[in-house]
Amino acid sequence: MKKTQWLGYVLAAGLLVSTVAAASVRYKPFILGHEAPGSETMTQVVAATRQALMANGFHVVGQYVPFRRTTIVCATYPEMLNAAAHAKNGGFGAVERISITKVHGSWQVSYVNPDYLAVAYGLSPLPQTDAALKGALGAKKIFGSRRGLTRDELKPGNYHYALFMPYFNNVDHVRRFPNHAAAVNTIRANLMKHVATTTFVYEVNVPGTRKPTTVFGFGIKSGRGGDHHILRLIDVHRYRGYAYLPYEMMVVGRRVIALRPRFRIAVNFPDTAMMGSHGFMNIISAPGAIRKVMKEVAGRS
């Protein structure tokens, strides 16, 4: 066998092994960074979390308290914004979500797994974001799914919870405005007024997009689409995926769009059963309630 032919076989075999290895990687939605002592106050843990994020290159854009003993902190990172600008509907992945919640006597500081987010939302890989989060908050445990999902199972166009359920790109078209500024001003004003029991969390412009793009993060205080109503029924595990919150609406040009709630809930809690005491049937009216809130915030009755 010629040396060049042998070398070709070796390279092909290596490529095959790498491809198989990549295909076998499984992704889970959340990472428990660390657990802080329960003797600390929520204010102390939140302050330490914000400081650690900023020291590692994040820009904190907002926070809120969706329910008792829980704070959600939201932050951007240059790599995330760049990836968001170059992917279809990528702005939904422009902001990292971190939850601080007290469970069984200690504070869980958890965040959305950037590897999971990148695959599910069709973004380019986020290794710098991942490293910065681990440096800021730690990485004690990856959780949110028992086995996890492969890249092919999770990526846009493939992942949906069940037959007839929406995919990532099946977005809701909430409203069309005369221009971008009118849309942004309306949503901002309505969130500030707490229309439909909402809480304003953040407003982020995504630079480098073809059309002006602004993402809003907001909480829902009450009703069947309320933050606590949903999570108390489906998220009852030892490690809490409260970094599922807040929700997003995105203004792209003059259009207001949002991920369909059925997709967004399912992709964050992929192991949740359809039936049972903590199954999706217990929140069957939540997606419609969330969409109704979004329409009201966009000024559409």
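Have a look at VAL251, VAL267 and point out the one that is buried (at least 22 other Cβ atoms within 10 Å of the Cβ), within 19 Å of ALA84 (Cα to Cα) and either in contact with a His (Cβ under 8 Å, 6 or more places away or on another chain) or free of Cβ contacts under 8 Å to residues at least 12 places away in the same chain (or both). Outline the logic, then answer.
Values: VAL267 fails: either in contact with a His (Cβ under 8 Å, 6 or more places away or on another chain) or free of Cβ contacts under 8 Å to residues at least 12 places away in the same chain (or both).
Every option except VAL251 fails the conditions.
Considering region 99-141, the residues that are under 10 Å from ILE31 (Cβ atoms) and among the charged types (D, E, K, R) include one that is surrounded by the most Cβ atoms within 10 Å (Cβ to Cβ), namely ASP115.
Yes/no per residue for (1) loosely packed, with under 14 Cβ neighbours inside 10 Å; (2) assigned to a loop (DSSP other than H, G, I, E, B):
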| residue | (1), (2) |
| --- | --- |
| SER145 | no, yes |
| ASP152 | yes, no |
| GLY157 | yes, yes |
| LEU163 | yes, yes |
| TYR167 | no, yes |
| VAL174 | no, no |
| ALA181 | yes, no |
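GLU203 satisfies every condition listed in (1) more than 17 Å from the chain's Cα centre (by Cα); (2) not in a helix (DSSP H, G or I) except (1). Looking across ILE290, ILE283, one residue alone is aliphatic (A, V, I, L, M), within 18 Å of ILE72 (Cβ to Cβ) and buried (at least 19 other Cβ atoms within 10 Å of the Cβ). It is ILE290. Quick one: how many residues across region 252-301 are of a type in the set (D, E, K, R), part of a helix (DSSP H, G or I) and under 21 Å from the mean Cα position of the chain (by Cα)? The number of residues fulfilling the criteria is 5.
Bear in mind that the values in this text are calculations on the coordinates, not laboratory data. In this text the structure is predicted, and so the values were computed from the model without any measurement. Every residue, glycine among them, receives a Cβ derived from its backbone with ideal geometry; neighbour counts consider all protein chains shown.
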